[in-house]
1. To the nearest 0.05, how large is the calculated FRET efficiency for Q5 and S128 if R₀ is 30 Å and r is the Cβ-Cβ distance?
2. At 0.36 nm per residue, minus the direct Cα-Cα distance, what do V137 and L98 gain on full extension? Give it in nm, one decimal, please.
3. So, R0 is 25 Å and r is the distance between the beta-carbons of R79 and L59; what FRET efficiency does that work out to, to 0.05?
4. Quick one: putting +1 on the C-beta of Lys and Arg, -1 on the C-beta of Asp and Glu, what dipole do you get for the chain around its Cα centre, in Debye to the nearest 20?
5. Read through the labelled values [x] -0.33, -0.58, -1.17; [y] -0.39, -0.66, -1.22; [z] -0.29, -0.50, -1.01 and report the label of the one computed as log10 I(q)/I(0) by the Debye sum over Cα atoms at q = 0.10, 0.13, 0.18 Å⁻¹ from the structure.
6. Along the charge dipole of segment 57-122, pointing to its positive end and built from +1/-1 on Cβ of Lys, Arg, Asp and Glu, which listed residue (N94, V68, G119) has its Cα farthest out?
7. If I stretch the segment between E35 and D147 completely, what's the gain in nm (0.36 nm per residue apart, minus their alpha carbon distance), one decimal?
Amino acid sequence: MIDPQRVRAVETGACPHTAIREDPTLNLQMADELEARFGNLDLILIESGGDNLASTFSLDLVDYWIFVIDVAGGDDIPRKRGPGVLNCDLLVVNKYDLAPYVGVDLPRMRRESVEARNGRLVLFTNCSTGDGVDEVVEAISRAVLFDRP
């Protein structure tokens, strides 16, 4: 869990995609504020929610792009090959435990996720139980913090 004292919200006064795509200034200012308040941070996470799989954001905001999709959104998400699925550094497919309840063919979703990513990293998680979370942390540690296993 992230300490709530270290979480900030950015209010755009408009559509949220404004702060992630057209003008990343608010997010960059918030990152600077976090750095000033908490010192030399190793990692800052910038989250953007939304249901538009075609939405992209300014790559000026990130050194490493993690795209999280929810199994309950349907097993066709990887097949749609949106920019998030195709271009992120790490694709996380969360809530895989819901697959039987929402009519998702999990093996198919796994196969199509891997195919869409052309060999780049795909991890499946169940954050409620913690299953797969260690692998996500390890991937981030290696790629962003340059930790070695």
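1. Between Q5 and S128 the formula returns 0.80.
2. Length gained between V137 and L98: 11.8 nm.
3. Efficiency computed from Cβ-Cβ geometry: 0.55.
4. The dipole magnitude comes to about 460 debye.
5. For log10 I(q)/I(0) by the Debye sum over Cα atoms at q = 0.10, 0.13, 0.18 Å⁻¹, the calculated option is [y].
6. G119
7. 38.2 nm
Where a number appears in this text, it was derived from the coordinates with a stated rule and is not lab data. This is a predicted model, so every value here is computed, not measured. In this analysis, Cβ positions are derived from the backbone assuming ideal geometry, glycine residues included, and neighbour counts consider all displayed protein chains.
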